[in-house]
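One structure is given here, and the rest of the page talks about it.
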Amino acid sequence: MARPVTVTKERILSAALDLVRSGGPSLLTARNLCARLGCGASAIFSSFGSIQGVRDAVREEARELYRKRVGEGFALNPPFKGFGIALIWFAMDEPQLFSMIMESKMPPTSYKEYIDAYVGFKTESLSAIAETFGLQVDEAEMIYYQLVLVALGLASTCTCGGSQLTIPQVSEILGKNVRAFLMVIHAGNDAREGFVPNAGEGPAGELDSYVIMQALVGQNHLLQGLRAKPRYIQDEEWAELERMLRNSSDFRPESLRETHNDLTKGDIRTYILSHLQFSVSEQAILLGISPASVTKARQRLKAKLATAYRP
């Protein structure tokens, strides 16, 4: 009679990794893992406590593999570009593991916070950028964050099946972006205007803000309805407007309240509607007050925002 195969912790972790690689984290269940190992659930739970313990171990193992392989990119020349190439190559080679370790459990407050927490290698990158291009710390930091965003975009395109890039193509794209960022750093404002002239302003605000807000109308059902037929906004709908603004701009109500602690709920709502490019007459309907009251509310808000409180 054949001797039973010992189900070690290492074997369980290896089988769990294979499951995630083949079908993603959703495939990692106790039933699937037991079937792959040919054992009972007790063998798994005695080593990891629960299936969640297995998932946590797989995520940490994936992070270790990511740190090892992406860190090796700094051995290339130039080192920072090598890091970007290694990050994208890991995503192409291990799409399920890459998606798992890049998944944020809680929404970060900014893209920089997300990159610091999930991408990493900031210290090594800043050192490599400063040494290669002779930049100051703030300039090196700008290139780090901007190029990581480009790399994450390329990695996402590859892992979602949108496109499979070759390493030479990745190298070319990253190289062009680095040169563009260096031009922004070294070229004066006059030189930049020669390439990107100032197109002026849109109605009631800068062009960029106006275009973004107009685009949002087409992407959000609540905004579409309010723009097409203004009506009083219910209390629960304000949370949706705040969430949309958080995802599309630097708008943070809590930050406003910290620097201007005399702002009321009405002030915040007036700020939101003004930020969304609603006219005075539209705001009157949305807030359920008269146009004259809206004008006064906007004037009071402007006066409050002009001075930050310093307790």
Whether any residue in region 6-29 is touching a Lys or Arg at 6+ places or on another chain (Cβ under 8 Å) and outside any helix (DSSP H, G or I) is what I want to check. yes
Return the pairs, sorted by first residue and then second, in which the second residue is assigned to a helix (DSSP H, G or I), the first residue lies in region 77-89 and is of a type in the set (Lys, Arg), the beta carbons are less than 8 Å apart, and the residues are 6+ apart or on different chains. LYS81/SER171; LYS81/LEU174; LYS81/GLY175; LYS81/VAL178
Going through region 119-132 in order, the residues found to be touching a helix residue (DSSP H, G or I) at 6+ places or on another chain (Cβ under 7 Å) and free of Cβ contacts under 8 Å to residues at least 40 places away in the same chain are VAL119, LYS122, LEU126, ALA130
Residue hits (region 48-64; assigned to a helix (DSSP H, G or I) and exposed (fewer than 15 other Cβ atoms within 10 Å of the Cβ)) are GLN52, GLY53, ASP56, GLU60, GLU64
Sort out which residues of region 157-185 are of a type in the set (S, T, N, Q) and modelled with pLDDT under 85, and write them in order of number. THR157, THR159, SER163, GLN164, THR166
Does TYR210 count as at pLDDT 80 or above, among the hydroxyl-bearing types (Ser, Thr, Tyr) and in the same structural domain as PRO291 (by TED's automatic domain parsing)? no
Quick count over region 103-118, residues being without any contact (Cβ under 8 Å) to a residue 12 or more places away in the chain and aliphatic (A, V, I, L, M), is 1
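The values are calculated or read from the model by the stated rules, or taken from the named source; none is laboratory data. Note that the coordinates shown come from a computational prediction; the quantities given were computed from them, not determined experimentally. So basically every Cβ, Gly included, is an ideal-geometry build from the backbone, and we count neighbours across all protein chains shown.
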